[in-house]
Amino acid sequence: MGKKKKDKMELRFYEIPQQETVLARIGKEWDRVYGVDGVHLHFHNLMEIGLCRRGEGELWIGEESHRYETSMVSVIPENFPHVLISKEGRSDYWEFFYLNPKPLIEELFPDNPLYQSEVFEHINQTPYLLHVSEAPALFGTVNAIIEEVRVPKQYRQGMIRLLAKTMILEILRQDSGAPYNAVKQVKAANMTQIASALEYINQNYAAPIKAKMLADVCNMSETHFRRVFEEYINMAPMDYVNLIRVQQACERMKKTDDSMDNVALRCGFTTTSTFNRNFKKFLNTSPYQWKINLDNSDRKLADFQISTRKGW
């Protein structure tokens, strides 16, 4: 079984549909051999929940490898580099969904903003890989969410949101002690050093951002920050900032009829020409052309897999 490589990192950007709690990737399409694309790490802008229905292999989280098998559930926070590698090229059957835990945590603890922040910080820093025998309630809740998506029923949206909040509570319970002792506090190598910067960018992309500000967020010198950032993202910090701004602009264009000038301003671009230049750089088309082709399946941002390797 091959070890993952560090020469390329991918950001996979997903958007949760309006009025929905999760974005699901389920069905036979996900019965495949994992790790055939060069075994490179990737990370997401959302929390990833995976359920292994059949298979055996390795889940790499940063520099650490963990064995997976049938009937295991994985919880990967946003911005954690990871990759699945099937054993000896065999087909494995995983199903996934993606969600933003922050609004769910706010609903769970509505009168305690400080505790909300503590819970979000914890849940966004701790990945898990657990067998059904170790966490039956968590496994059952994850499976129930997937089945609600697979076979829509009355009150589906409300049920999925209720189950998602239950899942958050079950994830929090994993630190209560035995037998929950699978993957805890695993480290994603130096990637953890820049996780605060990635989170800061996601939350403040519309405001002025400088590399020095991001370095300060990570308690690093600017020179060291730039070196670590480019080592693991294969992109300069400000290029990454503009990538996130372009992605947010796509969301705004899909959901509003704002002018291009307003979209550019609200997504952090000081001028429309800067917006157009960066949009062309990352999506190889103009904002106007992207918007008028919005109904084309290959133009839906949720389906984009954006590589951040050099030269893309």
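Does the stretch 216-224 include one or more residues that are part of a loop (DSSP other than H, G, I, E, B), modelled with pLDDT of 85 or more and at positive phi?
Yes: one or more hits.
Matching residues to (1) hydrophobic (A, V, I, L, M, F, W, C); (2) under 19 Å from the mean Cα position of the chain (by Cα):
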| site | (1), (2) |
| --- | --- |
| I61 | yes, yes |
| H66 | no, no |
| S91 | no, no |
| N100 | no, yes |
| D111 | no, no |
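Considering only residues that are more than 16 Å from R252 (Cβ to Cβ) and either in a helix (DSSP H, G or I) or outside the structural domain of K254 (by TED's automatic domain parsing) (or both), which ones fall in the stretch 275-288?
Answer for the stretch 275-288, where residues must be more than 16 Å from R252 (Cβ to Cβ) and either in a helix (DSSP H, G or I) or outside the structural domain of K254 (by TED's automatic domain parsing) (or both): R277, K280, K281.
Exactly one of (1) surrounded by fewer than 22 Cβ atoms within 10 Å (Cβ to Cβ); (2) over 19 Å from I16 (Cβ atoms) is unmet by L41. Its number?
(1)
Would you confirm whether any residue within the stretch 271-285 is under 21 Å from the mean Cα position of the chain (by Cα) and at pLDDT 85 or above?
no
Of all the strands (runs of 3 or more DSSP E) wholly in the stretch 49-103, which have at least 1 residues that are modelled with pLDDT under 95 and over 30 Å from P113 (Cβ atoms)?
Strands (runs of 3 or more DSSP E) meeting the threshold: 56-61, 64-69, 82-86.
Of these, E78, E69, E107, E88, which one is surrounded by fewer than 16 Cβ atoms within 10 Å (Cβ to Cβ) and within 20 Å of M167 (Cα to Cα)?
E107 is the lone residue from the list that is surrounded by fewer than 16 Cβ atoms within 10 Å (Cβ to Cβ) and within 20 Å of M167 (Cα to Cα).
The values are calculated or read from the model by the stated rules, or taken from the named source; none is laboratory data. If you're wondering where the values come from, they're calculated on a predicted model, not measured in any experiment. Because the Cβ atoms are built from the backbone with ideal geometry, glycine has one as well, and the counts that use them run over all protein chains shown.
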